[in-house]
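Enquirer: There's a structure below that I have some questions on.
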Amino acid sequence: MHPAFSVLVFTVMSGAGYGLITLMVIGHLSGLSQLQDSAVLLSAGILSFVMISGGLLSSTLHLANPKNAWRAFSRFKTSWLSREAVFAILLYPFMLIYLGAIWMDMTGAVVSVAGILTAVLAMVTLFCTSMIYASLKTIRQWNSSLTPVNYIALGLMSGAVLLAAVQTLVGGDLAGVLQQLALALVVLGAVCKVIYFFWIGKPAGSTINTATGFTQASVRLLDQGHTSNSFLNDEFGYTVAANKLVRLRLLMLAVAFVVPFLLLLCANSVLLVVAAASTIAGLLVERWLFFAEARHVVRLFHGDQRV
Amino acid sequence: MTSQASKIPVASGLPEFEDRANQETKYTTCYMCACRCGIKVTVEDNKVRFIQGNPNHPINKGVLCAKGNSGIMKQYSPAKLSAPLLRKPGTERGAGEFEEISWERALDIMEKRLSHIRATDPRKLAYFTGRDQMQALTGMWASQFGTYNWAAHGGFCSVNMAAGGLYTMGHAFWEFGDPDWDNTKYFMMWGVAEDHSSNPIKLGLKKLKERGAKFVAVNPVRTGYQAIADEWVAIRPGTDAVLALSMVHVLLKNQLVDDEFLIRYTNSAQLVVHTPGEMGDGLFYRGEGVKNMQGEPQVWDLVKEEFVDANLPDINPALFGEFTAPDGRKLRTAMSIMLDKYLDEQYAPENAAKECGVAAEDIERMALEMAHVAFKETITIDVEWTDWAGRKQDKFIGRPVSMHAMRGISAHSNGFQTCRAIHLLQVLLGTVDCPGGHLAKPPFPKHIPPGIKPAKECAPNTPLKSPPLGFPTCPEDLAIDENGNPLRIDKAYSWDAPVSCHGLMHMVISNAVKGDPYKIDTLMLFMANMAWNSSMNTAQTMDMLTAKEDNGEYKIPYIICSDAFNSEMVAYSDLVLPDTTYLERFDTISMLDRPISEPHAACDSVRIPVVKPDRDVMSWQEVMVEMAGRLGFPAFTKEGGERKYSSYKDFIVNFEKEPGIGFLAGYRGKDGDKSLRGEPNPRQWEAYEENEGFFEMHLEPNQRYMRHANLDYLTLAKEAAWVGSTKQIVIELYSEKIQSFRLAGQGLYDGPMPTEEHHKERLVKYFDPLPTYYVPLEEQRIDREEYPYHAVNQRPMFMYHSWDSQNAWLRQIMSQNYLFMNRVAAERDGIEDLSWVWVESHNGKIRVQVKLMEGTNEQTVWTWNAIAKRGGAWGLSDDSNEATDAFLMNHLISELLPAKGDQNDRVTNSDPVTGQAAWYDLRVKITPAAPGETGAWPSFGALKPQPNADASPDMLSYTSHKNVNLVRPMSDILTRGEK
Amino acid sequence: MKLGLVVDLDTCVGCHGCATACKQWNTSGTIGPLSDKDPYGRDPNGAWLNRIRTYEVDDSPNSKTVNMPMSCMHCDDAACVTVCPTGASYKRSEDGIVLVDQDKCMGCNLCSWACPYGARELDPNEGTMKKCTLCVDRIYDESLPEDERKPACVLTCPTKSRVFGDFDDPNSEVSQLVRDRAGKQLMPELGYNPVNTYLPPRNKPVVEQYQPSLKATVKGWVNKVISR
Ligand SMILES: Nc1nc2c(c(=O)[nH]1)N[C@H]1C(S)=C(S)[C@@H](COP(=O)(O)OP(=O)(O)OC[C@H]3O[C@@H](n4cnc5c(=O)[nH]c(N)nc54)[C@H](O)[C@@H]3O)O[C@H]1N2
Ligand SMILES: Nc1nc2c(c(=O)[nH]1)N[C@H]1C(S)=C(S)[C@@H](COP(=O)(O)OP(=O)(O)OC[C@H]3O[C@@H](n4cnc5c(=O)[nH]c(N)nc54)[C@H](O)[C@@H]3O)O[C@H]1N2
Ligand code: SF4
Ligand code: SF4
Ligand code: SF4
Ligand code: SF4
Ligand code: SF4
Ligand SMILES: [Mo]
């Protein structure tokens, strides 16, 4: 699949934003001492808000006809994209109430209810985003429960690193819980990702034979029906050399997981910022790979033997 | 077929889709190719909404091909020429610097130049036309002008098929006949990718497949039609005669021939004089003391036991045997000669297999399958008919084996004989013009050959005595001077190519530039892209077009071209006359030409404008009539010199070739109630318009088959002026006419004979009176090991020569061609898929991109024809795929034979009999290009756009009206849950 | 009603007639225009609703070439519809035709991702998704002559390899063809239940060989008395 930059930015940024706000709400409401300071909370909240909103705005950049974007709310019944849009928007009032309440130093039910709803909606939205991909039977590499697990794990992981960074930056010493949480989530994210790589490595699914209906002999494409470009080629024909993919996977694992893990161990605010940046950068590569390694079944019609 | 529509309840809630009140439908004839399908065009506000097939039309019965469906993009092509163009004084030919001039000025320039030539030496005008369909008019124009230097595209196209058929059965493949799609049970297709019968072949193949008839495709490449063949015979190019004659061998060996057919309808029982080394050897015996080729051929009557006139009815000729004439000369029946020749081991399947690459078992099996279908699955049609001798016959006997063959056969230098070999196979099986066999299309069949002789004399201000092109039957008919030198600029009808009945368009530029046989003044081209894809040796042709004498004058002093589009040829012209598009003009597809007849119906058709031109253009038809008037051609002027015809339309209605015969055969007579022959009908155009642009006259059931010997048919044909007499058309398996040329080569002819050795040798070798096989000439003259691959072309179904790269839709299907190669062969040679390679022939080299495939003969490489374009031409950008990645095979093909340092070096690369350009004789070698060497080579500088041309748009959203969207209501969106 | 097409792989010669017929009808039809980017430049790239692909089955020298035209299959389980967030994509309940409302599409491409058959292409100029309409604006248009109320591609196909009809009606031509010729769906394993069905190439017809009599081959030719 062609990795559209706007979509990479969208999923990574908003994923991190949702993870950040969710973890923050949990920490805040569960009474974690380092997360009772409104400066810390507001900083993290605003960062999350910016990342979520920036991501969503970025996602509209890949629409070819954005003037109809508002209609995306109308097919909640069947469309994960519509659900994502609805939940993403639904999140805003609660998040604003929650952050507003913190700003006004309010406490009590309003904060808790708004906070809980914000966290739940953030996770639901992230889940919907992941389901947009996971629900596509046409792309074997996405059509798996590993996709939502990955999205949520990586969203929480990047959120945790961000939270840790904000917390030390604004509030001083890093809370051990946050550090351990972040370390654990980084490990979890890495494990999920590695499992995913193993899983997509196994040949499975449709082949050029099932695509064309000729299952008794070899089938080769002679002519795709056009010699220059087509929408399908641009969208689905994206191909990266296998050795480049391997190198990028290693780079990604290093930048997204190993480097943040090591920096998290230092618990130094500057290094944590670097860790957060590294996580985001790594996840952009991860998301790029998520697209670049996904092979749509239409490719079978264009000559790939399997996907 | 039942309409599905009636069963579909009209869904409520659908809007009116588009406003049809604003639309008109008009009927005309497609000209996206020469198949000439009937079209129904929906027009709104002078814009084309939709072009669909006319379901009532005899050719296409409602269907259209990819090109026909893309007519809109031809009509709106940015490459359309918009005004007459004159090369700017002081600029070079080929630079493409033009000024727009008025039609008045253009016509004056032309008139001045042409009237001078006509008054001095008319042959200094060479007028050649490409893939056009108005040869009746242009040929007549040339002969009225008085130049024999005229021909259409046949010489570089498929004269081998025309001549092969017309010298054998009186009709032919190509546009002259069709398989009986409705009845045939076994169909063999030889070397056809698309052909002119584009939609009819497709409709026909569907019928075959539906009926379970067997479809065998003989072709080195398996694409297109061959894709759906039941059997694919991956022959080595140029060897089809071996395959056909080996099947003949199998039939003869097993005595599986239709002897009744041979005796009644062919000359195989006729007696041939056998006196090797003496005058008259190989000619028919025509009785005592009768001069060569005069009088009637004789046969031996088995009952009367004497020699009798072969053409008499109710005689009992011996099909086999050797006899002695009273004067002691040895005689053999033609059939006996055939037995000798084809039972020879050379044609035994085991030996044939080695040459053509088809397994011996397969050759034998196919021959026996065909024999089975022909003789055991015979069909009869119980219709009473009258034979040529006036005898009633109670049925037509059909042997349902049929064949079609085209350029895979014709584009080789042995194509004439190969084509005859295929006809021989058909005739031995008795499958000619019978139910289930190969059927002629009116005005064919004709007597063998048609009785027109090529013109030989030119005089100032005088029309030719006969048409420029005709059908020679003996050396006396050649267009040569007393020294044996060619009279025509293309050297047609010379010893180089004696039976070149369609001329040699591919030699004109090369000969004119060399001044061999002489210099010309003006080259006038209509619809021929000679500066690009229709020339052999393209790069050198471009040089020739710009070559100058020492005095600085161009070697071809003046070039006039009529084109509708900014083709490569435009840049090389001095005067460019912009034509209309096919949707903008009046035109006829005439019975005097190659009409749209179907086997069982005489048909012709017209074009009637459906949109108004938005440019300063004039149809070439109109230019021809106008110029004929201005130059005062006798046929176009009245006694006092005033013009006879005010316009092309007027000419078509009122011109009569002979009383009652005109360009259009339908709706003749004052009231339009006469067909084929009748006085001019002033309302003829209107009648065609009312009848959806065509005329169709069905033959009566008793006129539909065996027309070479069918009096009911021949009588009609004579009335219609299709044939000169109602005499039987005797199929000529043995061609005495061809033998007469061989005798001239042997020095045994009582008439003109060649003086040069190479001519003698060619006549002796290739003018076999019986179909024969010889190795194609290029292959004889190059090192086969050095050039291991055959290189051939195919026509893509969705492009017509160079015409369609300007078509925004069609060029999306293909804007680059590849060199296709068998995967196994490529792996052996270390050539990778999609790599760039050098392809080299004796004539030069090109760099191209390779694509590997399975379905190609291992010794063959091939590509799609005419995809490459010069940047800037055709409204294309300089970096278009056509200009940078696509390639022409033409650069590798020489118009002359490969040089060997002998007299043949100067001889045309053509069939030695017919002068048919031998495009597919090409042999090449292939080597990988160096790393980094990519892109097609050679490439030529981009051509200039026409003056005042609008730039080609970079986005196109064509629509003839504002689209009416189907809207889904919000309530539906919100409420419906899909499963 | 379940409308769709049967495509006969035994007779399709890959002429692209259906592809351009579709383009010309629909560019002025309800889904149009169908725009073309760089139509006269390098790498022209436009929106088409019907494409022809060609495959080679089996290895040289036994390969068979197969032309496969593909347009929207009007799937029973059309995920392209369910994924569409705007409701622009929909499947008509009355006849199963899958359409895109051009006024509502936001050009997110998701439906094209959901389509296994490459049936949807984004218009490079309009930014909306284009796909086969089964020529809804022909088949229901009563101002057209009855026998022309068929998809443009069906009307034009020179080998009549495309048949249009109602798959719900067991007596329709399409249903019969599917039964008689063992029609197949492409990529059935994905579960979209495409309505369009492909007829596989027929078996080769068997033609007997003439059994030559031994006598004929041994004995020479003898003249028979045949009157001319
Ligand atoms: N769409 C389209 N239609 C056209 C044209 C066009 O440009 N486009 N051009 C028109 C013109 S002018 C002509 S002359 C006709 C020509 O129509 P075709 O005769 O169909 O012409 P080609 O495409 O040259 O096809 C030649 C076929 O012969 C095969 N072949 C090559 N060498 C041999 C051989 O030695 N033996 C055998 N058995 N096969 C061989 C090639 O693989 C190819 O399939 O088409 C006409 N129709
Ligand atoms: N390598 C190779 N070369 C070949 C062949 C091959 O198989 N291989 N095939 C050969 C054969 S069979 C043929 S017939 C020739 C074809 O040769 P041509 O007939 O010379 O070639 P075309 O490309 O058809 O183009 C003729 C010109 O007609 C112009 N034209 C189109 N429509 C109109 C119109 O309405 N009016 C006017 N006045 N002009 C118009 C076009 O713009 C173009 O410039 O090519 C030959 N060249
Ligand atoms: S075959 Fe195609 S291009 Fe040729 S006349 Fe027919 S519809 Fe037109
Ligand atoms: S073919 Fe594709 S676009 Fe058509 S209904 Fe099926 S999934 Fe949707
Ligand atoms: S591109 Fe248009 S039709 Fe497709 S899913 Fe998006 S909004 Fe729906
Ligand atoms: S049914 Fe209509 S829209 Fe669909 S492919 Fe055929 S012509 Fe195109
Ligand atoms: S029009 Fe018919 S034969 Fe041609 S590609 Fe389409 S389905 Fe095949
Ligand atoms: Mo031709």
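The values are calculated or read from the model by the stated rules, or taken from the named source; none is laboratory data. What you see is a predicted model; the values in this text were computed from it and never measured. Please note: Cβ atoms are built from the backbone with ideal geometry, for glycine as well, and neighbour counts cover all protein chains shown. Just the protein is used for accessible areas: all its heavy atoms, side chains included, with ligands, DNA and RNA removed. Shrake-Rupley method; radii C 1.70, N 1.55, O 1.52, S 1.80 Å.
Enquirer: Give the accessible surface of the stretch C:168-220 per residue, rounded to a whole number of Å², with probe radius 1.4 Å and ligands, DNA and RNA excluded.
Expert: Spelled out: the 1.4 Å probe surface of the stretch C:168-220, per residue, equals 59 Å².
Enquirer: Further, regarding this structure: Just to be sure I understand the interface: list residues from the stretch A:220-245 that lose 40 Å² or more of accessible area between the chain on its own and the complete protein assembly, 1.4 Å probe.
Expert: Listed by number, the residues meeting the 40 Å² cut-off are A:ARG220, A:LEU222, A:ASP223, A:GLY225, A:HIS226, A:THR227, A:SER228, A:ASN229, A:PHE231, A:LEU232, A:GLU235.
Enquirer: Compute the Rg to Rh ratio over the stretch B:621-681 from the alpha carbon atoms, using the Kirkwood formula for Rh, and round to two decimal places.
Expert: With Rg and the Kirkwood Rh in hand, the quotient comes to 1.02.
Enquirer: A follow-up question, please. How shielded is C:78-84 by partner chains, expressed as the average number of their Cβ atoms within 10 Å of its Cβ atoms?
Expert: For peptide C:78-84, the averaged partner shielding equals 6.
Enquirer: Using the Kirkwood radius over Cα pairs, work out the Stokes-Einstein diffusion coefficient for chain B at 4 °C and 1.567 mPa s, in µm²/s as a whole number.
Expert: Value of D from the Cα-based Kirkwood radius: 44 µm²/s.
Enquirer: Using a probe radius of 1.4 Å on heavy atoms only, what accessible surface per residue do you get for the stretch A:5-301? Whole Å² is fine.
Expert: 38
Enquirer: Using Cα springs under 10 Å in a Gaussian network model of chain A, which residue among A:PHE198, A:PHE291, A:PHE94 shows the largest mean-square fluctuation?
Expert: Evaluated over chain A, the most mobile residue of the options is A:PHE198.
Enquirer: Right, next: Rounded to the nearest 100 Å², what's the accessible area chains C and A bury against each other, both chains counted, probe 1.4 Å?
Expert: The contact between A and C buries close to 4400 Å².
Enquirer: I've got another one for you. May I ask you to derive the relative contact order of the stretch B:231-324, considering only C-alpha pairs under 8 Å and at least 6 residues apart, and to give it as an integer percent?
Expert: Normalised by residue count, the contact order of the stretch B:231-324 is 18 percent.
Enquirer: Express the Stokes-Einstein translational diffusion coefficient of the stretch B:832-979 in µm² s⁻¹, to the nearest whole number, given a Kirkwood radius over alpha-carbon pairs, 37 °C and a viscosity of 0.692 mPa s.
Expert: 164
Enquirer: Moving to a separate point now. Based only on Cα atoms, what Rg/Rh ratio does the stretch A:257-307 have, Rh being taken as Kirkwood's radius?
Expert: 1.35
Enquirer: Let me ask something else about it. Binning at 10 Å from 0, report for the stretch B:887-942 what percent of all alpha-carbon pair distances ends up in each bin.
Expert: Calculated over all Cα pairs of the stretch B:887-942, the distribution is 18, 39, 27, 15, 1 percent.
Enquirer: May I pose another question? Chains B and A: what accessible area do they bury, summed, in square angstrom to the nearest 100, with a 1.4 Å probe?
Expert: Its buried surface, counting both partners, is about 1200 Å².
Enquirer: Then there's this: Hey, in the GNM for chain A with a 10 angstrom Cα cutoff, which one of A:GLY19, A:GLY237, A:GLY213 fluctuates hardest?
Expert: A:GLY213
Enquirer: For the full complex of protein chains and a 1.4 angstrom probe, list B:LYS638, C:LYS160, B:LYS514 by accessible area with the highest value first.
Expert: B:LYS514, B:LYS638, C:LYS160
Enquirer: Roll a 1.4 angstrom probe over the protein heavy atoms and tell me the percent of accessible area of chain A that is carbon or sulfur.
Expert: 71
Enquirer: When you have a sec, figure out the Kirkwood radius of the stretch B:465-556 from all distinct Cα pair distances and drop it here in Å to one decimal?
Expert: It is 14.3 Å.
Enquirer: Just to confirm, what accessible area per residue do you get for chain B at 1.4 Å probe, in whole Å²?
Expert: Using a 1.4 Å probe on heavy atoms only, each residue of chain B averages 30 Å².
Enquirer: Still on this structure: Hey, what's the per residue convex hull volume over the C-alpha atoms of chain A, in cubic angstrom?
Expert: That works out to 134 Å³ per residue.
Enquirer: Here's a follow-up. Stokes-Einstein diffusion coefficient for the stretch B:309-392 at 25 °C in a medium of 0.890 mPa s, Rh from the Kirkwood formula over Cα pairs: what value in µm²/s?
Expert: 144
Enquirer: Let me ask something additional. Would you mind classifying the stretch B:504-606 by shape? Square roots of the alpha carbon gyration tensor eigenvalues, ordered a ≥ b ≥ c; an a/c under 1.5 is rounded, otherwise it is prolate if a/b is larger than b/c and oblate if not.
Expert: Because a/c hits 1.5 or more and a/b exceeds b/c, the stretch B:504-606 counts as prolate.
Enquirer: Based on alpha-carbon atoms only, what is the radius of gyration of the stretch C:58-173 relative to the globular estimate 2.2 N^0.38 Å?
Expert: In units of the globular-protein estimate, the stretch C:58-173 measures up at 1.23.
Enquirer: What whole-number value in cubic angstrom gives the convex hull volume per residue for the C-alpha atoms of the stretch B:423-472?
Expert: Convex hull volume per residue, Cα atoms: 86 Å³.
Enquirer: Kindly identify residues of the stretch A:127-156 having a loss of at least 30 Å² in accessible area between the isolated chain and the assembly of all protein chains, probe radius 1.4 Å.
Expert: Residues passing the criterion (a loss of at least 30 Å², heavy atoms only) are A:LEU136, A:LYS137, A:THR138.
Enquirer: Looking at the P(r) of the stretch B:186-227, how many percent of alpha-carbon pairs lie beyond 16 Å?
Expert: 31
Enquirer: Taking a cut-off of 13 Å between Cα atoms, list the aspartates and glutamates near B:LYS453, but don't count ones fewer than 8 places away on the same chain.
Expert: Of all the aspartates and glutamates, those that pass the test against B:LYS453 - Cα under 13 Å, at least 8 places apart if same chain - are B:GLU476, B:ASP477.
Enquirer: Sticking with this one: Using only Cα atoms, figure out Rg for the stretch B:907-979 and give it as a multiple of 2.2 N^0.38 Å.
Expert: 2.54
Enquirer: Name the residues of the stretch B:182-206 whose accessible area falls by at least 20 Å² when all protein chains are present instead of the chain alone, probe 1.4 Å?
Expert: B:LYS202, B:LEU203, B:LYS206
Enquirer: Moving on. Reachable aspartates and glutamates from C:LYS104, Cα under 19 Å, same-chain residues fewer than 8 places away excluded?
Expert: Partners within reach: A:GLU84, B:ASP972, B:GLU978, C:GLU121, C:ASP123, C:GLU126, C:ASP137.
Enquirer: For the stretch A:5-301, give the magnitude of the charge dipole about the Cα centre (Cβ charges: +1 Lys/Arg, -1 Asp/Glu; no others), in debye to the nearest 20.
Expert: Dipole magnitude for the stretch A:5-301 comes out near 980 debye.
Enquirer: Where both residues lie in the stretch C:3-225, what percent of DSSP beta bridges are antiparallel, nearest 5?
Expert: Within the stretch C:3-225, antiparallel bridges account for around 90 percent of the total.
Enquirer: Using a 1.4 Å probe on the protein chains only, how many percent of the accessible area of the stretch C:3-225 belongs to carbon and sulfur?
Expert: Heavy-atom surface of the stretch C:3-225 belonging to carbon and sulfur, 1.4 Å probe: 49 percent.
Enquirer: Counting only protein heavy atoms and using a 1.4 Å probe, what share of the accessible area of the stretch B:510-597 belongs to carbon plus sulfur, as a whole percent?
Expert: Carbon plus sulfur share of accessible area: 46 percent.
Enquirer: Name the lysines eligible as straight-distance cross-link partners of B:LYS514: C-alpha to C-alpha under 17 Å, and not fewer than 8 places from it in the same chain.
Expert: B:LYS124, B:LYS491, B:LYS548, B:LYS555
Enquirer: Just the Kirkwood number for the stretch A:1-119, please: inverse of mean 1/r across all distinct Cα pairs, in Å, one decimal.
Expert: The Cα-based Kirkwood calculation yields 15.2 Å.
Enquirer: Give me the accessible area buried between chains B and C, both sides summed, with a 1.4 Å probe, in Å² rounded to the nearest 100.
Expert: Summing both sides, the interface buries roughly 10200 Å².
Enquirer: Go through B:LYS206/C:LYS131; B:LYS214/C:LYS64; B:LYS61/C:LYS23; B:LYS185/B:LYS207; B:LYS206/C:LYS184 and tell me which ones have a Cα-Cα distance over 18 Å in this structure.
Expert: Cα-Cα > 18 Å for B:LYS206/C:LYS131; B:LYS61/C:LYS23; B:LYS206/C:LYS184; rest within.
Enquirer: Hey, could you pull the Cα Rg and Dmax for the protein assembly as shown, both in Å?
Expert: 37.0, 136
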